[in-house]
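One structure is given here, and the rest of the page talks about it.
The values are calculated or read from the model by the stated rules, or taken from the named source; none is laboratory data. As the structure is a prediction and not an experimental result, all values here were calculated from the model. Virtual Cβ from ideal backbone geometry, glycine too; neighbours counted across all protein chains shown. We work out accessible area using only protein heavy atoms, side chains counted, and drop any ligands, DNA or RNA first. Shrake-Rupley method; radii C 1.70, N 1.55, O 1.52, S 1.80 Å.
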Amino acid sequence: MAETKTVHFHVGSGRCGSTLLQVILNLPAVHEMLKTFGYKSDLAIYINSGPLTYHGMQKFVEAEWREFRHQHFLPFRTEPYRHLIATQENFFGVNHEPGSVNTCEEACKLVSYLTETCLVRIVIVLRRQDTFIESLYNQLLKTGETRPFEQYLDEFPLDNLKWDTVVDTYANHFGADNVTVIPFEKPVVKTAKFTSFVSAFFSAIGIPVPVSFGEEMRVINASLAPRTMEVQRVANMHLSAKEAHGLANWFVENINKRPDERYSLIGDEKRKELLAYYRTSNENLAAKYLSKYDAGYYIADPEAA
């Protein structure tokens, strides 16, 4: 009987260190380390799936992915590796456009199709919803966003960030035992004795050695410093797309966002309101999927936030 092979699929979320993880998985030294344990990391899966998911994960259409599966997943069945590591945050199925709904079910259908005959283990990295929204807005400013943050937040589909519902979709498809959720925030991930979410990721995929990355590595896909964000938004309104993009790159390279520098986009009262809105969802997330962590940060009393 042929040995069942395992695909470890990191599906995001975006704004939770995905780019850093992809860089690390592409390091030659990491490739060699993984090989000694029978693992293969294929960054081409990320690169070549990007154009197919540029506008996010929408409806799964088998014909659109047939050649991609043939190129990247079918060969794995006969390769000498027992484990394949894949990463693509666009497979998360969480949408952010005003009025949108999540397409996590479609994302699960796609992952199931690509990995047919293999055991699938899903890895999801999440951050608390209030800082997720702020970080996402920061990223959008780098690509041309012109709405003031207050308007952006008013139009945001808040229900799409009920993390327990999102993760439950993956658990229902692949089995709760095959879904691992990792907190992005370093103070939270450290409560489980990991140095960072990256170390927690390697543990989740079964690498039996201590792994510590990201502590000294330069920031990947850096954010705008808070004091430059409004300047960038106004520039997006008046400069060409090329000029505005160049300015964003200059800000990132020359005016650094400090690692401990918090966003101040959401005021104290609104932050309490958001935490109250997500409290039940985050309690469920903590109980089901974050049992090894002290998840108090996710379910903090809104009055104490």
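Points to keep in mind about this one:
- Among the residues of region 19-28, at least one is in a loop (DSSP other than H, G, I, E, B) and in contact with a Ser or Thr (Cβ under 8 Å, 6 or more places away or on another chain).
The rows are residues; the columns are (1) under 20 Å from the mean Cα position of the chain (by Cα); (2) of a type in the set (A, V, I, L, M).
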{"site": "R227", "(1), (2)": "no, no"}
{"site": "V234", "(1), (2)": "no, yes"}
{"site": "A244", "(1), (2)": "no, yes"}
{"site": "N254", "(1), (2)": "no, no"}
{"site": "P259", "(1), (2)": "yes, no"}
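- Against the test of being out of contact with any Phe, Trp or Tyr (no Cβ under 8 Å at 6 or more places or on another chain) and touching a residue at least 60 places away in the same chain (Cβ under 8 Å), the options G99, G144 yield a single qualifying residue, G144.
- Filter result for the condition that a residue is farther than 24 Å from K186 by Cα, out of contact with any Cys (no Cβ under 8 Å at 6 or more places or on another chain) and among the charged types (D, E, K, R), over K257, K272, K242, K288: K242
- Residue selected from region 217-255 under the condition surrounded by 14 or more Cβ atoms within 10 Å (Cβ to Cβ) and among the polar types (S, T, N, Q), by the criterion nearest to T146 (Cα to Cα): N236
- Check on R77, open to solvent by 50 Å² or more (accessible area, probe 1.4 Å), touching a Cys at 6+ places or on another chain (Cβ under 8 Å) and either within 22 Å of F202 (Cβ to Cβ) or modelled with pLDDT of 90 or more (or both): yes
- In this structure, R128 qualifies as open to solvent by 10 Å² or more (accessible area, probe 1.4 Å), under 23 Å from L21 (Cα atoms) and in contact with an Asp or Glu (Cβ under 9 Å, 6 or more places away or on another chain).
- Any helices (runs of 4 or more DSSP H) falling wholly within region 130-193 and containing at least 1 residues that are within 17 Å of V101 (Cβ to Cβ): 149-155, 163-174
- Single residue of region 256-272 satisfying the filter (part of a helix (DSSP H, G or I) and touching a helix residue (DSSP H, G or I) at 6+ places or on another chain (Cβ under 7 Å)) that is least open to solvent (accessible area, probe 1.4 Å): R271
- Top-ranked residue in region 289-298 [being touching a helix residue (DSSP H, G or I) at 6+ places or on another chain (Cβ under 7 Å) and not aromatic (F, W, Y); ranked as most open to solvent (accessible area, probe 1.4 Å)]: K292
- Per-region count, region 38-61, residues open to solvent by less than 60 Å² (accessible area, probe 1.4 Å) and either assigned to a loop (DSSP other than H, G, I, E, B) or at pLDDT 90 or above (or both): 14
- Pair list, Cβ < 7 Å and 6+ apart or interchain, from region 280-295 residues that are under 14 Å from V166 (Cβ atoms) to residues that are part of a loop (DSSP other than H, G, I, E, B) and open to solvent by 60 Å² or more (accessible area, probe 1.4 Å): S281/K162
- In region 144-176, residue nearest to T280 (Cα to Cα) [restricted to those that are among the β-branched types (V, I, T) and under 18 Å from the mean Cα position of the chain (by Cα)]: T165
- With respect to the conditions (1) touching a helix residue (DSSP H, G or I) at 6+ places or on another chain (Cβ under 8 Å); (2) modelled with pLDDT of 95 or more; (3) open to solvent by less than 20 Å² (accessible area, probe 1.4 Å); (4) closer than 22 Å to L20 by Cα, V198 falls short on a single one, namely (2).
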